[in-house]
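To start, the structure itself, in structure tokens.
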Amino acid sequence: MKHLLFLIFAVQACLPGFAACDGRVRIVPRPAEVEELPGSFRLTSRTPVVITDEQLRTPAEIFARAVGKLTGTEPAVTAAPEKHAVTLQLQPGYEAEEYLLEVGRQRITVTASTPQAVLHGLRSLQQLVAGGEIPACVVRDKPTFAYRGAMLDVCRHFFPVEDVKTYIDILSLHKINKFHWHLTDDQGWRIEIKKYPLLTQIGSRRAETLVGRYDKNKEGVYDGKPYGGFYTQEEIREIVSYAAERHIEVIPEIEMPGHGLAALTAYPWLGCTGGPYAVWTHWGISDDVYCAGKETTFEFIEDVLTEVLALFPSKLIHIGGDECPKGRWKACPLCQQRIREEGLKDEYQLQSYFIHRIERWMHTHGREIIGWDEILQGGISKTANIMSWNGSDPGIKAAQRGNPVIMTPKWYCYFDYSQTSDPERYEPLGNTRYVSVRQAYRLDPCDRLTLPDQKRIRGVQCNLWTEYIADIRHAQHMVLPRMAACLLYTSPSPRDLRGVFPCAARPKPRQRPGRSHGNVGTRKRPGRKRLFLRYVKPPARIELGPDLPVLPVDGKHEQVVPTPSGGFDRQQYFYLRKLIRIPQEILEYPPFEVATVKNPVLDGKRLRNTASLHDHGRNLRVVSVEQLHTPVKHPLCGIRNSIHEDGLVPDDSEVGIALVGQG
């Protein structure tokens, strides 16, 4: 834990969420209000933590232990009033998670209306402890969203109880209040269910594990080592209690109807074919899913959930619902009979029937479901919570139709994705998709939503899938510092570039004053320069002509051939990326689709590309892309990305994108 605290505090100086980062008060996430005062408070071995209410003893003890690891001396926790002390007090008039931190020369006071908010204030104070000298200040803070979550997948790789507690400590330091625990999947069942012991005896172990990256291991090389692990119900209660002391709600995920191969291996009658099945030894999506035509399937799931609800007091229970192939259902007589009997149109509505049925059962037990955004397929009730991971669009549509939504789009919130643009050179084995710290901060959960629909956004969550993450050290490497960038506690808008990087140096533009390159240029202003985006009326749609350009690639001459729709298929995306060295994030940046590309040019150090993009109804088109050294942001879409002459995407370089649209 001591090393964890040091790591988190060490990276604070480079985080976008700093408060008053030109001064002495540096707190992550960035507080709503910070006032620096002269002087400081000296924290000594004799400085006690005074509680004015017994409810505050647990937050005080957590803070005291953390400070003891930082300074070597653990403060005493007492109810007796002291002058030179850290005093905790409860007062009405504050919101549930709002706190006031006041640091004077002789006294520190944390005031809130709930023990949870007091702990948040102590977490902020904890970050100010540096050699025992705490700068005088007044900090007032409250969260923007009630739901601030982080997910840990323990199925692909198992994390022991102490490692899960360490992960919860990381969440607590960031004032995250929801721990989404992914407990079942094709690669392993991790929760003890007493009525079905084979789930852990068989389903928790796989014979071996794929070696290296899934997309590169074409020979099927495995390590030959059995792998497994699970949590007993006593261990789960221990972890739930540990999180509750830190005011973190644990939300379990029991996957259905897909990603259930571990359960099918233990009890083959749960599947459509009857097996034989095996716990998966590689990654991806299995065709074998729960049979939706058998009543015994629903009896099994209800029995499992009955034990799950007894372990987890959370109002929200995650039931998965993602990546469920329909092939087995199409070939299954029982599933087809279910479709006919229930008057369903197809297998997508069969999945909707499955989710609806489980949700009704949950409601009878006083719980609500969360599902990945695929549960929208075939229809869903307005009471289901939608976790939007396939970009923001599914969440936007769900909010507009009345569903509560948790935003976790993969292009911002998937922290198993690489933190650097060249992961094979700079990072451990892992997913090569790229989500930088800046990219994580750019997420605007309420973008493109009207005010009434914005109220349906419950919050934000970051996710850590562990196909390539085998231990807590690697997990820490992946989530820090992006967790602080993604899960904003307060209200500074991530779309305000100056609010995002208040400490960042402002590099000069690459262009000379008054000279324009393409559609991105500079204007002469008295005493300053600024980049701007030029808007013109939409021209006719840019199309590739009958004479397709001949383009050099690695010394060869090849042609880029459009699909019948005028766009490019996925393979051509990567071909095009290699050709003109534009990062995948530009070509596949959600919610945009590349439509046509004409005359891409690789011109020395400046990269240019002429392309047409469609922004889901906005009819905005990218007409030029070139490297700049000053950040540029489109005010409507918020596109900001990076490009480099060698094809890399460094954090200190941004791309300027000129768009044609109704501006």
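The values are calculated or read from the model by the stated rules, or taken from the named source; none is laboratory data. Please read all numbers here as calculations on a predicted model, not as lab measurements. Please note: Cβ atoms are built from the backbone with ideal geometry, for glycine as well, and neighbour counts cover all protein chains shown. Please note that ligands, DNA and RNA were not included when accessible areas were found on the heavy atoms of the full protein model with its side chains. Shrake-Rupley method; radii C 1.70, N 1.55, O 1.52, S 1.80 Å.
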Odd one out for Gly275, checked against (1) under 31 Å from the mean Cα position of the chain (by Cα); (2) on the phi > 0 side of the Ramachandran plot: (1)
Working only within the stretch 293-325, note down all residues that are among the polar types (S, T, N, Q) and either within 28 Å of the chain's Cα centre (by Cα) or within 19 Å of Met387 (Cβ to Cβ) (or both). Ser314
Strands (runs of 3 or more DSSP E) completely within the stretch 95-190 that count 1 or more residues being farther than 30 Å from Tyr417 by Cα: 99-103, 107-112, 133-141
Filtered residues of the stretch 211-233 (kept if more than 18 Å from Ala310 (Cα to Cα) and either among the aromatic types (Phe, Trp, Tyr) or under 25 Å from the mean Cα position of the chain (by Cα) (or both)): Gly212, Arg213, Tyr214, Asp215, Tyr222, Tyr227
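For Ile406, state whether it is within 27 Å of Tyr348 (Cβ to Cβ), within 13 Å of the chain's Cα centre (by Cα), in a strand (DSSP E or B) and of a type outside the set (S, T, N, Q).
Values: within 27 Å of Tyr348 (Cβ to Cβ): yes; within 13 Å of the chain's Cα centre (by Cα): yes; in a strand (DSSP E or B): yes; of a type outside the set (S, T, N, Q): yes.
Against the criterion (within 27 Å of Tyr348 (Cβ to Cβ), within 13 Å of the chain's Cα centre (by Cα), in a strand (DSSP E or B) and of a type outside the set (S, T, N, Q)), Ile406 qualifies.
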For a quick check of your reading of the model, give me the residue pairs whose first member lies in the stretch 237-261 and is in contact (Cβ under 8 Å) with a residue 24 or more places away in the chain, whose second is among the hydroxyl-bearing types (Ser, Thr, Tyr) and assigned to a helix (DSSP H, G or I), with beta-carbon atoms closer than 6 Å and at least 6 apart or on different chains. Glu245/Thr58; Arg246/Ser172
Name the residues in the stretch 206-216 that are in contact (Cβ under 8 Å) with a residue 60 or more places away in the chain and outside any strand (DSSP E or B), would you? Ala207, Glu208, Thr209, Gly212, Arg213, Tyr214
Restricting to the stretch 282-296, what's the tally of residues that are touching a residue at least 40 places away in the same chain (Cβ under 8 Å) and either in a helix (DSSP H, G or I) or surrounded by fewer than 17 Cβ atoms within 10 Å (Cβ to Cβ) (or both)? 3
What is the residue count in the stretch 347-363 for residues that are open to solvent by 40 Å² or more (accessible area, probe 1.4 Å) and within 25 Å of Ala244 (Cα to Cα)? 1
Please go through the stretch 409-420 and give me each residue that is under 22 Å from Ile317 (Cα atoms) and not in a strand (DSSP E or B), ordered by number. Pro409, Lys410, Cys413
So which residues in the stretch 113-163 are in contact (Cβ under 8 Å) with a residue 40 or more places away in the chain, within 28 Å of His474 (Cβ to Cβ) and charged (D, E, K, R)? Arg123, Arg148, Asp153, Arg156, Asp163
Just for the stretch 91-110: of the residues that are touching a helix residue (DSSP H, G or I) at 6+ places or on another chain (Cβ under 8 Å) and among the β-branched types (Val, Ile, Thr), which one is surrounded by the fewest Cβ atoms within 10 Å (Cβ to Cβ)? Val103
Pick from Leu88, Leu56, Leu70: which is assigned to a strand (DSSP E or B) and either of a type in the set (A, V, I, L, M, F, W, C) or open to solvent by 70 Å² or more (accessible area, probe 1.4 Å) (or both)? Leu88
Would you check if there is a residue in the stretch 257-272 being within 19 Å of Arg190 (Cα to Cα) and assigned to a strand (DSSP E or B)? no
Could you tell me whether any residue of the stretch 216-236 is at pLDDT 95 or above and of a type in the set (S, T, N, Q)? yes
Look at the stretch 234-265 and say how many of its residues are open to solvent by less than 10 Å² (accessible area, probe 1.4 Å) and more than 26 Å from the chain's Cα centre (by Cα). 2
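Determine whether Tyr167 is open to solvent by less than 10 Å² (accessible area, probe 1.4 Å) and within 22 Å of Arg473 (Cα to Cα). Show your work before the answer.
Details: open to solvent by less than 10 Å² (accessible area, probe 1.4 Å): yes; within 22 Å of Arg473 (Cα to Cα): yes.
Yes; evaluated as a whole, the condition is true for this residue.
Tell me yes or no: at least one residue of the stretch 143-153 is more than 28 Å from Asp444 (Cα to Cα) and buried (at least 22 other Cβ atoms within 10 Å of the Cβ). I'd like the intermediate steps shown before the answer.
Step one: list which residues in the stretch 143-153 are more than 28 Å from Asp444 (Cα to Cα), which gives none.
No, the conditions are met nowhere in the stretch 143-153.
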I need the full set of residues from the stretch 73-85 which are assigned to a loop (DSSP other than H, G, I, E, B), surrounded by 12 or more Cβ atoms within 10 Å (Cβ to Cβ) and among the hydrophobic types (A, V, I, L, M, F, W, C), in order please. Ala76, Ala79
Residue by residue through the stretch 406-419, note down the ones that are in contact (Cβ under 8 Å) with a residue 60 or more places away in the chain and open to solvent by 10 Å² or more (accessible area, probe 1.4 Å). Trp411, Tyr412, Asp416, Gln419
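Among the residues of the stretch 315-346 satisfying the criterion of being part of a helix (DSSP H, G or I) and of a type in the set (Lys, Arg), which is most open to solvent (accessible area, probe 1.4 Å)?
First pass over the stretch 315-346, keeping only residues part of a helix (DSSP H, G or I): 327-331, 333-341.
Cutting the leftovers down to of a type in the set (Lys, Arg) gives us 328, 330, 338, 340.
Numbers: Arg328: 82, Lys330: 129, Arg338: 20, Arg340: 164 Å².
Among those that are part of a helix (DSSP H, G or I) and of a type in the set (Lys, Arg), it is Arg340.
Inspect the stretch 398-405 for any residue being charged (D, E, K, R) and open to solvent by less than 30 Å² (accessible area, probe 1.4 Å) and give the result as yes or no.
Within the stretch 398-405, not a single residue is charged (D, E, K, R) and open to solvent by less than 30 Å² (accessible area, probe 1.4 Å).
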Odd one out for Cys413 among (1) within 20 Å of the chain's Cα centre (by Cα); (2) closer than 27 Å to Val304 by Cβ: (2)
Output the number of the condition that Ile469 fails; it satisfies all remaining conditions of (1) over 19 Å from Asp185 (Cβ atoms); (2) buried (at least 23 other Cβ atoms within 10 Å of the Cβ). (1)
Determine the pairs where a residue that is over 16 Å from Val154 (Cα atoms), located within the stretch 187-205, has a partner that is part of a loop (DSSP other than H, G, I, E, B) and open to solvent by 10 Å² or more (accessible area, probe 1.4 Å) with Cβ atoms under 9 Å apart, the partner being 6 or more residues away or on another chain. Tyr196/Tyr267; Leu198/Tyr267; Ile202/Tyr267; Ile202/Val279
Answer from Arg425, Arg448, Arg438, Arg458 - the residue that is open to solvent by 10 Å² or more (accessible area, probe 1.4 Å) and part of a strand (DSSP E or B): Arg458
Residue satisfying all of: in the stretch 441-499; out of contact with any Leu (no Cβ under 7 Å at 6 or more places or on another chain) and hydroxyl-bearing (Ser, Thr, Tyr); modelled with the highest pLDDT among these: Thr466
